[in-house]
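Notes follow the structure.
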Amino acid sequence: MYRFTDYYRNDVTLSFDDHPFSRDPKHVWVICRHNGKWLLTKHKERGLEFPGGKVEENETAKEAAIREVKEETGGIVESIRYVGQYIVAGKGATIIKNVYFAEIRELTLQGSYYETEGPVQLAKIPTNVKRNMQYSFIMKDDVLKHCMKFIGKQRKRNR
């Protein structure tokens, strides 16, 4: 379990255990790969980030993750797996979010990418994301760092 503060100085706790904070989280975040590159989206206000959002009524978190990837990038998920869960003790509310890792089979062109400008593919995620204004605040805390390490170890084991 990891504890740290986020971009807005909220307390964050991240765990790679099976749903330690909630079996029914209301938010998801999906770290995506497509054709050997990282697949992000460009949010119209926040900047570059991995796709994610809220779980809708009558939808599981995993279903929401797949839907958010499609809506924000046009990505068709080939495989998706739960990575971990984190809780943000915000000043206005507490947010619990599942993190997933998805391999994307293909990108489809869409007329709308909802609140984003669509897909952005990167060969690597820069090490200076925290200081880079192109990136969303969502990418600027230690959730990204710890999840990328965890996913990297899993991918090596599965080779």
Taking a straight Cα-to-Cα line shorter than 13 Å from K37, and setting aside same-chain aspartates and glutamates fewer than 8 residues away, one finds E103, E106
Could you give the alpha-carbon Rg of the stretch 2-157 over 2.2 N^0.38 Å, rounded to two decimals?
-> 0.97
Express as a percent, rounded to the nearest 5, the fraction of DSSP beta bridges in the stretch 2-157 (both residues included) that run antiparallel.
-> 80
Would you mind telling me which residue in K140, K62, K91 has the biggest mean-square fluctuation in a Gaussian network model of the chain, where springs connect alpha carbons within a distance under 10 angstrom?
-> K91
Excluding E117 itself, calculate the net charge of residues whose Cβ lies under 10 Å from the Cβ of E117, where each Lys or Arg counts +1 and each Asp or Glu counts -1.
-> 0
Can you list the chymotrypsin sites (Phe, Trp or Tyr not before Pro) in the stretch 39-122 that are in a DSSP coil and have 16 or fewer other beta carbons within 10 angstrom?
-> Y114
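Largest first and in whole Å, give the semi-axes of the stretch 34-121's equivalent ellipsoid, each being the square root of 5 times a Cα gyration tensor eigenvalue.
Details: eigenvalues 92, 49, 32 Å².
Gyration-tensor ellipsoid for the stretch 34-121: 21, 16, 13 Å.
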List the chymotrypsin sites (Phe, Trp or Tyr not before Pro) within the stretch 1-45 that fall in a DSSP loop (any state other than H, G, I, E or B) and whose Cβ has at most 14 other Cβ atoms within 10 Å.
-> Y7, Y8
Anyone know which of R131, R105, R33 comes out most mobile in the 10 Å Cα GNM of the chain?
-> R131
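Every number in this text was worked out from the coordinates using simple rules, so none of it is lab data. Just so you know, these numbers come straight off a predicted model, no measurement behind them. Virtual Cβ from ideal backbone geometry, glycine too; neighbours counted across all protein chains shown.
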